[in-house]
Amino acid sequence: MKQVPVITIDGPSGVGKGTLAQKLVEKLGFHFLDSGAIYRALAWGVLQQNLDPEDTAAVVALARDLPVRFEAGRIWFADTDITTAIRTEGVAAMASKVAAIPQVREALLARQRDFVQSPGLVADGRDMGTVVFPEAQVKLFLDASAPVRAQRRYNQLINQGVDANIDQIVREIEARDDRDRNRTVAPLKPAEDAFVIDTSHLSLDEVVAQACEVMRAKGINC
Ligand code: DC
């Protein structure tokens with residue numbers, strides 16, 4: 001049987017993984033896994049139900065039966081549309097906290113692997129190439145300095161008409177990076193066979209071109 005191709009995109013927050021993933025999904029017609037959205041949905045549930053993130057048993061129980069669904073571009077937690085609600089910094093910070101619990105990661109593994117479906121999958125996260133899909137055909141790791149990522153996030157917020165403070169964004173990004181890189185389970189790091197792209201001084205088109213070059217070398221038409 002022909003293997004379904006999996007392309008993993010890992011890297012720190014605000015590096016442009018989601019934007020690249022979307023471009024590749026459009027180009028290749030593959031399915032998309034936004035693994036961060038699963039951790040964010042869990043975090044949203046923790047906040048909504050007023051759970052103590054230190055109460056590992058309660059958080060793990062919620063992760064095991066997480067009522068999250070991805071449907072036609074929207075994200076649901078049971079009957080609530082959480083598509084925009086999970087994009088706040090508060091939810092992101094809580095996601096990064098609960099994501100450091102080993103049993104939480106274990107509980108969410110099968111659910112992420114279920115996304116592998118013909119004709120292929122683009123998976124975006126922190127441990128896609130290292131833990132969730134170690135057999136992936138193509139592993140990309142995007143990187144950029146924290147100030148560059150903070151500036152992009154700042155521009156995005158200002159463009160949306162949201163009042164933003166650059167120093168606060170830098171602090172938030174650095175705190176989240178620290179937690180994601182230094183946790184004991186599935187810390188953020190490139191897989192040994194990952195292709196690292198530093199996006200600091202590249203346009204989106206240039207990043208896509210590099211990613212496609214890597215894929216063509218692996219026999220994926222891009
Ligand atoms: O990619 P994101 O910003 O939506 O992710 C939110 C948080 O979830 C991030 O700070 C760390 C965690 N996460 C993770 O631990 N593993 C993943 N594969 C994806 C996200």
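The values are calculated or read from the model by the stated rules, or taken from the named source; none is laboratory data. As the structure is a prediction and not an experimental result, all values here were calculated from the model. Every residue, glycine among them, receives a Cβ derived from its backbone with ideal geometry; neighbour counts consider all protein chains shown.
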Taking first residues from region 11-28 that are surrounded by fewer than 19 Cβ atoms within 10 Å (Cβ to Cβ) and second residues anywhere that are at pLDDT 95 or above and among the aromatic types (Phe, Trp, Tyr), the pairs with Cβ under 7 Å that are 6 or more apart or on different chains are Val25/Phe32
Are there any pairs, at least 6 apart or on different chains, whose C-beta atoms fall under 8 Å, with the first in region 159-181 and free of Cβ contacts under 8 Å to residues at least 12 places away in the same chain and under 17 Å from Val148 (Cβ atoms) and the second of a type in the set (A, V, I, L, M, F, W, C) and more than 10 Å from the ligand (Cβ to nearest atom), and if so, which? Ala164/Leu157; Ala164/Ile158
Restricting attention to region 77-99, the residues that are within 9 Å of the ligand (Cβ to nearest atom) and either over 14 Å from Gly36 (Cβ atoms) or among the polar types (S, T, N, Q) (or both) number exactly 1
How many residues does region 107-121 contain that are surrounded by 15 or more Cβ atoms within 10 Å (Cβ to Cβ) and more than 10 Å from the ligand (Cβ to nearest atom)? 6
If we ask which residues in region 1-52 are within 13 Å of the ligand (Cβ to nearest atom) and not hydrophobic (A, V, I, L, M, F, W, C), their number turns out to be 15
Leu142 fails exactly one of (1) in a strand (DSSP E or B); (2) aliphatic (A, V, I, L, M); (3) away from the ligand (no atom under 14 Å from the Cβ), namely (3)
Single unsatisfied condition, Val148 versus (1) touching a helix residue (DSSP H, G or I) at 6+ places or on another chain (Cβ under 9 Å); (2) surrounded by 15 or more Cβ atoms within 10 Å (Cβ to Cβ); (3) in a helix (DSSP H, G or I): (1)
Can Asp124 be described as of a type in the set (Asp, Glu) and more than 14 Å from the ligand (Cβ to nearest atom)? no
In region 88-104, is there at least one residue being more than 30 Å from Asp198 (Cβ to Cβ), of a type in the set (A, V, I, L, M, F, W, C) and out of contact with any His (no Cβ under 7 Å at 6 or more places or on another chain)? yes
Please note which strands (runs of 3 or more DSSP E) are completely contained in region 1-113 and include at least 3 residues that are within 26 Å of Lys139 (Cα to Cα) and under 13 Å from the mean Cα position of the chain (by Cα). 6-10, 31-34
I'm checking my understanding of the structure. Among residues of region 165-197 that are surrounded by 15 or more Cβ atoms within 10 Å (Cβ to Cβ) and away from the ligand (no atom under 16 Å from the Cβ), which one is nearest to Gln103 (Cα to Cα)? Phe195
Given Leu47, Leu66, which one is closer than 29 Å to Tyr154 by Cα and touching a residue at least 12 places away in the same chain (Cβ under 8 Å)? Leu47
